[in-house]
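Report on one structure; see the data block that follows.
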Amino acid sequence: MESVFALLVTAFMAVSVYLMLSRHIIRVLIGLALLGNGVNLLIFTAGRLTRETPPLIAPDAEAITGIVANPLPQALILTAIVISFSFFALLLVLGFRAYQDLGTDDTDGMRAAEPVDDPGPPEGY
Amino acid sequence: MMGTVIFRTLSPLISALTLMLAVFVTLRGHNDPGGGFIGGLIAASAFALLGLSHGVPAVRQALRFHPMSYAGFGLLLAVCAGLLPIFTGRSFFTALWTFPQVLGVEIALSTPMFFDIGVFFVVSGAMTSIALSLEQRGGGV
Amino acid sequence: MTVGDWPLLAVALPFVAAALTPFVLRYAEAAAPYLLCLFPAAIFAAFAAAIPGIAAGQSLNCGIDWLPAVGIRLSVRVDGLSSLFALLISGIGTFIVLYAGAYMKGHPGIGRFFSSLFLFMGAMLGLVLADDLISLFVFWEGTSIASFLLIGFDHTRQAARRAAFQALVITGLGGLSLLAGVLLAGQIAGVHSLTELLASGEALRGSPLYPLVLALFLGAAFTKSAQMPLHVWLPNAMEAPTPVSAYLHSATMVKAGVYLLMRLNPVLGGTPAWESILPFVGGVTLIGGALLALRQTDLKLMLAQTTVASLGLLVMLIGLDTDAAIAGAVAYLLAHALFKGALFMVAGAIDHESGTRDIRRLGGLRRAMPVTCAAAALAGLSMAGIPGFFGFVAKETLYGALADLRVWAAIALAVCGNALMFAIAGQVALRPFLGAPRATPRHAHEGPIGLWAGPLVFGAKGLAIVLALPLAVSLTLGPAVNAVAGHPVDLTLHALPEHVELPLLLSLLTMALGVAAYLSADRLRSLLDTLAAVLKWGPDRGFDQAIAALLRLATLVTRSLQSGRLEAYITATMVLTALALLVPMTVHGEWPALPVWPHLLLHEWAIVAIAFVGLVAVLRARTRLTAIVSLGAQGFAVATLFMLFGAPDLAFTQFMVETLSVVILALVMTRLKLAERDHRPLGQKVIDGSIAGAAGLGFGALLLRVTQTPFDSRLSDFYEANSRLVAHGRNVVNVIIVDFRGLDTMGEIAVVMITGLAILALVRVRARIVIHKEDDRS
């Protein structure tokens, strides 16, 4: 099972990196969203896979008995999903605002912070 | 599609049910699948749905306070839940439990529960704020 | 803290004064300088009261722990040398505060000025009293910073900014050199304090690293004490207000390097390197400074250049390393601090009252400013070395030391240098006052008492010391000489020579040459100007060029590393990521074994296939609807996989997040156009595809390799075992989030909150931000 997930992670990472290398802001953002999913899957798989048994303690038991899915990566991923979503939203709005103000969705055209004809720092005192 | 009569009629009902589900999922989180993060997201989607059908101003009016205020309240609640043990001489974020009997039923009250409720408010508030502010600009799909 | 710890309080007092200054100035107004000068006066009194004990050979040690783990203490040591310096710093400081009160009267920045001045005073006191080596460095840097603030006091002028910057760069480099020096010396000798270091001279001199230690300490001393060719910052520092020039740049701070050399003489001195480098550098600086001084027409610049020359003389004497030479150095140090401080204040008073410092425009001021004239005469006669003044005693002593050694080159240098300084003493102290009165920008008259009290006292002190010479020797000069020499020295100074010997003849020669130079000063100046025009590539120009070159280099490096193109940054990041993953696996032969064919159930295969299809569809999407739908497809596939593999919490969360993502993407994308097709040409696609493939392969292979190693389940086992017993919860995932790792979660919800606020801010900023190029430049 892990090998299929490793293949899936490979695909997620490759596609997200390929999209992030684009100059179009919206592709970069979609690439970032995929990157989040890929990393989550990677952490999930690294904690080993167990089918269909969530880490819940039975109402009459004091601790886990038998084999269940690893709870630790799940706890890590749960918050990661929410945080990556809120960052995705932030970047989406940021990209949208940049598009509105700069009139382009091409990252090469976004040179407000580092202008192409920047004369460099002054050499006087 | 968003403006159809069926959607406009049903969406308040769906939203209300979703909100109840959100509260239920949050509170049962300690023993069964669920918790503040999931509950918060469900609540946010309820408000987002209502925003799409009835417009953002209606949702804002229904909420009374700005969604980020709810988020701020949640963060305060979470921090207070962490601070409370300090006053009993324990270290920050030590869980405190009490099991009072109310009408013969044992109720579990704990700082982690209040912490989880804080998480619920932060996530639902922040996500609702995001969704509403985008809906307001975009004017619906 | 006990009464015996008073030297620590003395170091702290100026810092207290710096903090109180704004309030004193606000509430005491005109009386403020008189109140403020009580701080240094109190310190002076404390050290003066301690003189008898110090003279009897005691040394006071006290301190408090600072970083005990690494043996750093804030400790002070008061012995003959440090108490002489402390007396100079506090004594001159008292009159400088009075002088500055009159000189800076009405200036809007007077509070900042006095605060900086007191900061300097505290740092300088700490520097000369510090026993701990790290404290020494800290105070040393403190003086550099205070000097920077004071030189750049009038920061609206470019010249002042440049001078301040130059002084900070040069003395700051020296400070770094000192830090390296004390760390290395401390390491070699295995000590943390000067007291211990003074006892381990043998070990240091015998160490193979001795040349490096010496070079580091000399780097510090030569930058601070303005030895050629690092002297350039000192004349430029005359941009500072005159009280600063008088205090920092003649009497005290520039002597810090000399202090360091004197202090370390018992440890590092006595070697061939010490006895050749110091006299050589000092001698060159003496003659160079004196010649440069003669070229100037500005009173302050003349004095600054003669300060360079005097510092050279002191360094030369320390390097000669005989008891007599050290006695000469200590005597000259005291004499110089008094007469140079006084003359600077006189120059400032003349400037303040007449409006100019150019000696060619000054003359006949003796009637208008009689008291200042008297003070100038006293100080000038001491500087010229006229018999009866302490300057003469100092000069006789150092000539005596040179005569004993019979190093004729050094004698020639000293005589020439002193002759030139004799001439300049005349130019500065006599010429403005003699002759017919000249028209000056302002109608000159005597200044307030603050302006002439200091010069008069210091000038008179030059006479008073001579009258009480045996007392001065036994109380202050003698103990200082003992500390510098590292052993008791039988010191006797004579007010007037008892026999006609070589030293007296040298003094007479100096005076004869000096009178000649004074009379032909204008001709010498034009001669030197011609020479300077030829040699215009001085170290001052070199400094500008070096700074400009550094800036250009920094710009070049920044431009090449930060192209401003996001694509370049991401490419670099991803290439490095791929390399970081693939190279170690290849080098260590840790590639994963080929996996066996996995046994997945049919519906699991179906979900995995949907995820793949979703990914490919995202990649190939031509319309925004396709992109959104396929992004959603892979997200729901991932959520379903979580569900199938025992993670219902994750599955629910992922479902909700994907739903909300689709909604907000749809909302935003209606306003953002998605380009019809990928913009990249084929070649670029191949390159990007290779990078992406390599990175993906790296992650996949790493994951496969990890899953092929045995799993360490201790942490998970702990949570599974204790979730119900300790935390009363049956959902282990939720218990970890809200209880075991509650602090992490709190941080995470704070992040969610902040992104929510940031998005709100971004959405609300409706005004179009127009970036003006001018705004960046201003």
Helix-only mean residue ellipticity at 222 nm for the protein assembly as shown, each DSSP H run of n ≥ 4 adding -39500 (n - 2.57), per residue, nearest 500 = -23500 deg cm²/dmol
Which ³J(HN,Hα) values, rounded to whole Hz and listed in residue order, are derived for region C:14-24 from phi using the Karplus coefficients 6.51, -1.76 and 1.60 in 6.51 cos²θ - 1.76 cosθ + 1.60 with θ = phi - 60°, glycine and proline given as x?
-> x, 5, 4, 4, 4, 6, 7, 3, x, 6, 4
So, in Å, what gap is there between the alpha-carbon centers of region B:57-127 and region A:1-30?
-> 38 Å
Quick calc, residue C:442 & residue C:157: beta-carbon distance into FRET formula, R0 22 Å, rounding 0.05, result 0.60
Over 22 Å (Cα to Cα) among C:340/C:461; C:224/C:461; C:105/C:461 -> C:224/C:461; C:105/C:461
To the nearest 10 square angstrom, how much accessible area does residue C:529 have with a 1.4 angstrom probe?
-> 70 Å²
Simple label model, 7 Å out from Cα along Cβ direction - residue C:717 to residue B:4, nm = 5.7 nm
Toy charge model, Lys and Arg Cβ at +1, Asp and Glu Cβ at -1: the protein assembly as shown dipole around Cα centroid in debye, rounded to 20, equals 2820 debye
Could you work out the mean count of beta carbons from other protein chains within 10 Å of each residue's beta carbon in B:25-33?
-> 6
Cβ-based net charge around residue B:26, under 13 Å, with every Lys or Arg adding one and every Asp or Glu removing one = -2
To the nearest 100 Å², how much accessible surface do chains C and B cover up together, summed over both, with a 1.4 Å probe?
-> 3700 Å²
Cα gyration tensor shape of the protein assembly as shown, rounded if a/c is under 1.5, else prolate or oblate by comparing a/b with b/c | prolate
Spelling it out for residue C:646: with amide H atoms placed in the peptide plane at 1.01 Å from N, the residues 5 or more places away or on another chain with amide H under 5 Å from its amide H are A:52, A:53
Please report, in debye to the nearest 20, how large the charge dipole of region B:5-138 is about its Cα centre when each Lys and Arg carries +1 at its beta carbon and each Asp and Glu carries -1 there.
-> 320 debye
If you plug each phi of region C:463-476 into the Karplus form 6.51 cos²θ - 1.76 cosθ + 1.60 with θ = phi - 60°, what whole-Hz ³J(HN,Hα) values come out, in order, with x for Gly and Pro?
-> 7, 4, 4, 5, 5, 10, 4, x, 5, 4, 5, 6, 8, 10
Hz values of 3J(HN,Hα) by residue in region C:250-257 - Karplus curve (6.51, -1.76, 1.60), Gly and Pro given as x = 9, 8, 10, 4, 5, 7, 4, x
Using a basic spin-label model with each label point 7 Å from the Cα along Cα→Cβ, how many nm lie between residue C:626 and residue C:553?
-> 5.3 nm
Whole-angstrom gap from region C:232-265 to region C:512-530, using each part's C-alpha centre = 27 Å
Non-local amide H neighbours of residue C:132 (under 5 Å, H modeled in plane, Pro and chain starts lacking H): which ones?
-> C:75, C:194
With r defined as the distance between the Cβ atoms of residue C:544 and residue B:105 and R0 fixed at 56 Å, what FRET efficiency is calculated, to the nearest 0.05?
-> 0.10
Would you kindly state how much longer the chain becomes between residue C:705 and residue C:572 on full extension, computed as 0.36 nm times their sequence separation minus their alpha carbon distance, in nm to one decimal?
-> 45.3 nm
Inter-part gap, Cα centre of region C:296-330 to Cα centre of region C:182-208, in whole angstrom, is 28 Å
So what does residue B:80 come to for accessible area, using a 1.4 Å probe and Å² rounded to 10?
-> 70 Å²
Counting only residues 5 or more apart in sequence or on a different chain, those whose built amide H sits under 5 Å from that of residue C:62 are C:76
Spin-label pair residue C:275/residue A:104, simplified geometry with 7 Å Cα→Cβ offset, distance in nm | 7.3 nm
If you count, for every residue in B:111-118, the Cβ atoms of partner chains within 10 Å of its Cβ, what is the mean?
-> 5
Mind giving me the FRET efficiency for residue C:515 and residue C:371? R0 is 41 Å, r the Cβ-Cβ distance, nearest 0.05 is fine.
-> 0.95
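The values are calculated or read from the model by the stated rules, or taken from the named source; none is laboratory data. Nothing here was measured: the structure is a model prediction, and the numbers come from that model. For neighbour counting, all protein chains shown are included, and Cβ atoms are generated from backbone atoms with ideal geometry for every residue, glycine included. With ligands, DNA and RNA removed, areas are computed over all heavy atoms of the protein, side chains included. Shrake-Rupley method; radii C 1.70, N 1.55, O 1.52, S 1.80 Å.
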